[in-house]
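Participant: Let me begin by handing over the structure; questions about it come next.
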Amino acid sequence: MTKQASRFKLGRNSTSLALVFGIFAAAGSAVAQSPDYKAPSPAFAEALAAFDAAWMSGGLAYSTVTFTDGPGSGYGKYTATENNVFSAGDTIALYAEPVGYAFDQSQDGYTYKLAASYRLINPSGQVLSEQSDFAEFTGTTRSKQRQLSASLSFQFDGLPAGDYELETSFVDQIGNQTAGFKLPFTIQAAN
């Protein structure tokens, strides 16, 4: 058995920390240690597999879409507006939770990648403003990231009082699917 000791200085008080590493050899081969923890039950593992199948078969969709009082601060962390009436010049914020997007698996984990586009439409169907792929939601995690929140903010200067629709769509760039939603809103007349 061979022992090695190393000293590291930590913090302001230069506290010394002695680390002792033991290296064991048995007949020329190392023995790997397995983590000791309680694994989920078979019923849980089956439910997770069923959830994964339902996730992929349902296609891109949304579990929540709403106007919000400012940007959301994370998954499920938002305050929905009391109504869909705004004043001219207000920042219009919305929150959405996309579901059913695809993952690309690699040695680094599972990657998701969605791009958002919007169109501002008046009551006669005229498109007043639009932009494709103006926001991207992407990441790579060791487990499939299924709690994705999308917080978007819009500023439409010079919009006269009246009714409008904010049409937003997401493109799942891995699964080659698109899904959108329309949120009607009103710009109130100035007092």
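Participant: Can you give me the number of residues within the stretch 165-189 that are buried (at least 16 other Cβ atoms within 10 Å of the Cβ) and of a type in the set (Ser, Thr, Tyr)?
Facilitator: 2
Participant: List every residue pair whose Cβ atoms sit under 6 Å apart, with the two residues 6 or more apart in sequence or on different chains, where the first one lies in the stretch 167-191 and is more than 13 Å from residue 119 (Cβ to Cβ) and aliphatic (A, V, I, L, M) and the second, anywhere, is buried (at least 16 other Cβ atoms within 10 Å of the Cβ) and modelled with pLDDT under 95.
Facilitator: 187/159
Participant: Could you go through the stretch 7-23 and let me know if any residue there is among the aromatic types (Phe, Trp, Tyr) and modelled with pLDDT of 50 or more.
Facilitator: Among the residues of the stretch 7-23, not one is among the aromatic types (Phe, Trp, Tyr) and modelled with pLDDT of 50 or more, which makes the answer no.
Participant: Could you tell me which residue of the stretch 40-74 is surrounded by the most Cβ atoms within 10 Å (Cβ to Cβ), considering only residues that are of a type in the set (Ser, Thr, Tyr) and touching a strand residue (DSSP E or B) at 6+ places or on another chain (Cβ under 7 Å)?
Facilitator: Ranking the qualifying residues of the stretch 40-74, first place goes to 68.
Participant: While we're on this one: Inspect all residues belonging to the stretch 106-126 and state whether any of them is out of contact with any Lys or Arg (no Cβ under 8 Å at 6 or more places or on another chain), farther than 27 Å from residue 48 by Cα and among the aromatic types (Phe, Trp, Tyr).
Facilitator: Yes, there is a match, as at least one residue in the stretch 106-126 is out of contact with any Lys or Arg (no Cβ under 8 Å at 6 or more places or on another chain), farther than 27 Å from residue 48 by Cα and among the aromatic types (Phe, Trp, Tyr).
Participant: OK, next. Among the candidates 150, 189, which residue alone is closer than 19 Å to residue 81 by Cα and under 20 Å from the mean Cα position of the chain (by Cα)?
Facilitator: The conditions single out 150.
Participant: Could you say which residue among 162, 109 is on the phi > 0 side of the Ramachandran plot, among the small types (Gly, Ala, Ser) and surrounded by 13 or more Cβ atoms within 10 Å (Cβ to Cβ)?
Facilitator: 109 is the lone residue from the list that is on the phi > 0 side of the Ramachandran plot, among the small types (Gly, Ala, Ser) and surrounded by 13 or more Cβ atoms within 10 Å (Cβ to Cβ).
Participant: Determine the pairs where a residue that is free of Cβ contacts under 8 Å to residues at least 24 places away in the same chain, located within the stretch 65-79, has a partner that is among the charged types (D, E, K, R) with Cβ atoms under 9 Å apart, the partner being 6 or more residues away or on another chain.
Facilitator: Going by the 9 Å Cβ cut-off, the qualifying pairs are 79/69.
The values are calculated or read from the model by the stated rules, or taken from the named source; none is laboratory data. Just so it is clear, the model here is predicted, and its values are computed rather than measured. Cβ: placed from backbone, ideal geometry, glycine included. Neighbour counts: every protein chain shown.
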